[in-house]
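The values are calculated or read from the model by the stated rules, or taken from the named source; none is laboratory data. As the structure is a prediction and not an experimental result, all values here were calculated from the model. Please note: Cβ atoms are built from the backbone with ideal geometry, for glycine as well, and neighbour counts cover all protein chains shown. For accessibility, only protein heavy atoms count, side chains too; no ligands or nucleic acids. Shrake-Rupley method; radii C 1.70, N 1.55, O 1.52, S 1.80 Å.
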Amino acid sequence: MPRTNYLSDLTDGQWQMIQPLLPKQAKRGRKPIDRREIINAILYVTRTGCQWRALPHEFPHWKTVYNIFWQWRNASLWQHIHDRLRERVRQAEGKRKTSTAAILDSQSVKTTEVGGEERGYDAGKKVFGRKRHLIVDTLGLILAVVVHGANQQDNDGACLVLYSLWEKMQRIKVIFADSAYGRKGLPEFVKETLGFVIELVKRPRGTEGFQVLPKRWVVERTFAWLGRCRRHSKDYERNPASSEAIIYISMINLMSRRLAAVKT
């Protein structure tokens, strides 16, 4: 009897893109696990926000699913798949594989009672939990992500994600950010050490309430994309590395669906 199809399941087009990016399975030993079903289960958790233990019985056992998620997280496989798909999306949009401009911002989210590392209180947002620091390109695709305690100021947390970006993408020339990243000499420090120019996008004088600002709206849209997945409504993970992996997985789903739609 075929299992129930869920809205979060990979389409055939998505699977054709992701499958070649996975490591080869061993030809000997126990019967190989259906990797497509494993990814479908992880996407179900990401999209619905359910607990690992609450996975429907149609999927492989939750421990098997979680162990593979954890192994691929530690091997940086989720990030590898994400980065390859990002290059393909950029090429499909007529862009080069790597960007020269980026946008930086953070989002503070609550954590749960399960505890875990890197938690703190963001006095500005009045949130106890963690911060998601993102750097995205001009299409809103993620270039680097670091999750850390919400008690770290933006200019301090920015150093973590900027260094992560520098390690893998030194072609970036300018990074747009809000005025909070202009404190404590951060732009000068980043220019001297990493070679990135931080350009501050400030609100026009006299404006009140919400206003769309040039460049900065791009990263806000990326946070909105992540918000479609209920796993991001809070930070449910004990380990910030798992939080980062879930973000990459959400973007993998988004980008692969976009590419599959273009292909058809």
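Some observations on this one:
- Those residues of the stretch 89-113 which are part of a loop (DSSP other than H, G, I, E, B), farther than 30 Å from Phe128 by Cα and among the charged types (D, E, K, R), in sequence order: Glu93, Lys95, Arg96, Lys97
- Some residue of the stretch 143-151 being touching a helix residue (DSSP H, G or I) at 6+ places or on another chain (Cβ under 8 Å), open to solvent by less than 40 Å² (accessible area, probe 1.4 Å), free of Cβ contacts under 8 Å to residues at least 60 places away in the same chain and within 16 Å of Lys168 (Cα to Cα): yes
- Screening Lys202 with (1) without any contact (Cβ under 8 Å) to a residue 40 or more places away in the chain; (2) among the basic types (Lys, Arg); (3) touching a Lys or Arg at 6+ places or on another chain (Cβ under 7 Å) gives one miss only, at (3).
- Matching residues in the stretch 123-142 - criterion: being out of contact with any helix residue (DSSP H, G or I) (no Cβ under 9 Å at 6 or more places or on another chain) and either closer than 22 Å to Gly185 by Cβ or open to solvent by less than 10 Å² (accessible area, probe 1.4 Å) (or both): Ala123, Gly129
- Any chance Ser242 is assigned to a helix (DSSP H, G or I), among the polar types (S, T, N, Q) and more than 22 Å from Gln14 (Cα to Cα): yes
- Single condition Gln51 does not satisfy, out of (1) within 19 Å of the chain's Cα centre (by Cα); (2) closer than 21 Å to Asp235 by Cβ: (1)
- Scanning the stretch 222-240 for residues that are under 11 Å from the mean Cα position of the chain (by Cα), open to solvent by 10 Å² or more (accessible area, probe 1.4 Å) and among the hydrophobic types (A, V, I, L, M, F, W, C) turns up Phe223, Trp225.
- Flag for Thr100 being under 24 Å from Arg171 (Cβ atoms) and either modelled with pLDDT under 95 or of a type in the set (Phe, Trp, Tyr) (or both): yes
- Scanning the stretch 178-197 for residues that are open to solvent by 40 Å² or more (accessible area, probe 1.4 Å) and of a type in the set (Val, Ile, Thr) gives Thr193, Val197.
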